Amino acid sequence: MHCPYCHHDDSRVVDSRTADDGAAIRRRRQCPSCSRRFTTVETASLQVQKRSGVLEPFSRSKVASGVRKACQGRPVSDDDLAVLAQTVEDAVRALGNPEVPAREVGMAILGPLRSLDEVAYLRFASVYRDFDSLEDFEAEVTLLRVERESAARLRAEDNSSEARTDVTQKPGQSQTNQKASRKLESKSP
């Protein structure tokens, strides 16, 4: 690593630490020539292959700015977009490929965006999936409704199964404590 101050062609690592939740390594370096210190950050390279075949580095800010257009006028904060961009990067890195097609990045955006805001999801999907007609929108809205209804049905089933409790169980008493109480009651004269 060249020194940014005197341009000496070597430097010595003084300290190394993980950064960005383990996605990067931060190194403090010292130049043996001028003795000045500087910091470098090393990350695993992740390249996005565009449709034209051109490779460019993955950029969270580019993901956030692309999604920001779909979220215009919606109650979505910059923090929400930053979390979404991080989630997308994590999903793309989890694929394990140093080069990822732009289409995979777009697919990784759709899921978290759907959870964040359904209207923004429809806007983004309409451009990304190249909706041509009203029928394309209707099909996607129908799919969203079906998924929402089945999720609500599952939550209702979970709530009703939790509501079913042993009628002999006293409020605030676990089943284990209840069994112990019964044993003590049966042993009492």
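On C-alpha positions alone, give me the angle between the axis of helix 118-128 and the longest principal axis of the chain, in degrees, nearest 10.
Taking the Cα atoms of the chain, the angle to 118-128 is about 40 degrees.
For a quick check of your reading of the filter: which chymotrypsin sites (Phe, Trp or Tyr not before Pro) in segment 1-106 sit in a DSSP loop and have no more than 14 other Cβ atoms within 10 Å? Could the numbers behind the result be given before it?
Working: sites: Y5, F38, F58; in loops: Y5, F58.
Passing both the DSSP loop test and the Cβ count: Y5.
Out of segment 1-73, which trypsin sites (Lys or Arg not before Pro) are coil in DSSP terms and have no more than 16 other C-beta atoms within 10 Å?
Passing sites in segment 1-73 are R36, K50, R51.
Given the options L144, L134, F124, identify the residue whose Cα lies farthest towards the positive end of the charge dipole of segment 1-152 (+1 on Cβ of Lys, Arg; -1 on Cβ of Asp, Glu).
F124
Can you match percent of Cα pairs over 25 Å apart to one of these, [x] 48; [y] 45; [z] 62, based on a calculation from the structure here?
Correct label is [z].
Can you list the cysteines of the chain that have no other Cys Cβ under 4.7 Å away?
Cys with no partner Cβ under 4.7 Å: C71.
May I ask you to give the solvent-accessible area per residue for the chain, in square angstrom, as obtained with a 1.4 angstrom probe?
70 Å²
List the relative contact order of the chain as a percent without decimals, with contacts defined as Cα pairs under 8 Å and 6+ residues apart.
12 percent
Angle check, please: helix 134-163 long axis (alpha carbons) against the longest principal axis of the chain (alpha carbons), in degrees 0 to 90, nearest 10.
50 degrees
Roughly speaking, what is the stretch gain from F38 to R60, that is 0.36 nm per residue apart minus the C-alpha to C-alpha distance, in nm to one decimal?
Stretched fully, the F38-R60 segment lengthens by 5.4 nm.
Multiply the residue gap between R28 and D78 by 0.36 nm, knock off their C-alpha separation, and tell me the result in nm, one decimal place.
So the extension gain works out to 14.9 nm.
Calculate how steeply helix 175-187 sits against the longest principal axis of the alpha-carbon atoms of the chain, using the helix alpha-carbon long axis, and give the answer as 0 to 90 degrees to the nearest 10.
Once rounded, one gets 30 degrees.
Using a 1.4 Å probe over the heavy atoms of the protein chains, calculate the carbon and sulfur portion of the accessible area of the chain as a whole percent.
Numbers: 6680 of 13240 Å².
Whole-percent figure for carbon plus sulfur exposure: 50.
Could you give the length gained on full extension between E149 and F137, defined as 0.36 nm per residue of separation minus the Cα-Cα distance, in nm? Can you show the working numbers first?
Numbers: separation 12, 0.36 × 12 = 4.32 nm, distance 1.84 nm.
Here the segment from E149 to F137 would lengthen by 2.5 nm.
The values are calculated or read from the model by the stated rules, or taken from the named source; none is laboratory data. Since we're looking at a predicted model, the values are computed, not measured. When we count neighbours, we look across all protein chains shown, and the Cβ atoms used for this are built from the backbone with ideal geometry, even at glycine. Side chains included, ligands, DNA and RNA excluded: accessible areas come from the protein's heavy atoms. Shrake-Rupley method; radii C 1.70, N 1.55, O 1.52, S 1.80 Å.
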